[in-house]
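See below for the structure under consideration.
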Amino acid sequence: LNDAFYLKTNLDWAGNLLRAAMSMMNRPLNENGGYELVGIQYAQYVKVDLESRYYINFNESSKMVFRAFGGIGFPGKNFNSALPFEKSFFVGGSNGLRAWKPRAVGPGSYVDTLNSLDKIGDIAMEGNIEYRFDLFGFIDGAIFTDLGNIWNLRENDARPGSGFSSDFLKELAIGAGVGLRFDLSFFVVRLDFAVPVKDPEFPEG
């Protein structure tokens, strides 16, 4: 029953060599100041993220799991307004803030009056604490708390409150819940129920 530690990191680097090559060939820039490939202004960015988990085994029937995730992406000169949509960070969903749908939180304290599900950002922070225990047979129980949010590197005038600032801790969304784990040996089926405890869209207090 040794404790276990897990660490994973990703580095995504795109468009940088292509822009350098086009600059060396003196290719013309378009009206937006970017180079084009087959008529399309391509993305250029650097993105890195890190995820860690720590498992504390109390006994054969119970354990505590801590998870932390953080990431940041920097748009490059060729398309410096934002990261590509599919490469941007988001929180919410079954593997993150379980009290919210995917892309339903943030960025920052931005108040979305349309309740859209396209909330993405350049920076992400997420954390989970989960206590797991045996119930009976192949069914386990879980009690958990999740927190996290996303932010933009720069404030977006169209989304006030979306920029990363020194108040980022106050802008963390928090959810809590309970769940069941059906351990079928070759895979585990999860069933979680969670509710928001703190929503950064609401005024402080």
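A few comments on the model shown:
- Taking all protein chains together, Phe138, Phe164, Phe186 sort by accessible area into Phe186, Phe138, Phe164, largest first [probe 1.4 Å].
- Gain in span if fully extended, Leu17 to Asp134, counting 0.36 nm per residue against the direct Cα distance: 36.9 nm
- Taken one residue at a time, the phi angles of region 139-153 give Karplus couplings (6.51, -1.76, 1.60, θ = phi - 60°) of 9, 10, x, 8, 10, 9, 9, 10, 8, x, 5, 10, 8, 8, 4 Hz. Gly and Pro are set to x.
- Carbon + sulfur, % of accessible area of the chain - ligands and nucleic acids excluded, 1.4 Å: 60
- Proximal lysines to Lys198, defined as alpha-carbon separation beneath 24 angstrom and excluding residues fewer than eight positions away on the same chain: Lys101, Lys119, Lys170
- Accessible surface for the chain, divided over its residues, is 60 Å² per residue with a 1.4 Å probe.
- Phe90 sits with roughly 80 Å² accessible to a 1.4 Å probe, with DNA, RNA and ligands left out of the calculation.
- Whole-Hz ³J(HN,Hα) from phi, Karplus 6.51 cos²θ - 1.76 cosθ + 1.60, for region 40-54, glycine and proline x: 10, 6, 7, 7, 9, 6, 10, 9, 9, 9, 9, 10, 9, 9, 10
- Phe85 accessible area, 1.4 Å probe, all protein chains in place, Å² to nearest 10: 100
- Computed [θ] at 222 nm, helices only, for the chain once each DSSP H run of length n ≥ 4 contributes -39500 (n - 2.57): -1000 deg cm²/dmol
- Whole-number percent relative contact order across the chain, with pairs defined as alpha carbons under 8 Å at least 6 apart: 17
- Rounded accessible area of Tyr55 (nearest 10 Å², 1.4 Å probe): 50
- Here the simple spin-label model places points 7 Å from the Cα toward Cβ, and for Tyr54 and Phe74 these points are separated by 2.9 nm.
- Residue of Ser109, Ser165, Ser61 that the Gaussian network model of the chain assigns the largest fluctuation, springs spanning Cα pairs under 10 Å: Ser61
- Cα gyration tensor category, rounded, prolate or oblate, for region 49-105 with a/c compared to 1.5: oblate
The values are calculated or read from the model by the stated rules, or taken from the named source; none is laboratory data. A quick note: this is a predicted structure, and the numbers were derived from the prediction, not measured. Backbone-built Cβ (ideal geometry, glycine too); neighbour counts: all protein chains shown. The protein model used for the area step is the full one, side chains on, heavy atoms only, and it has no ligands, DNA or RNA in it. Shrake-Rupley method; radii C 1.70, N 1.55, O 1.52, S 1.80 Å.
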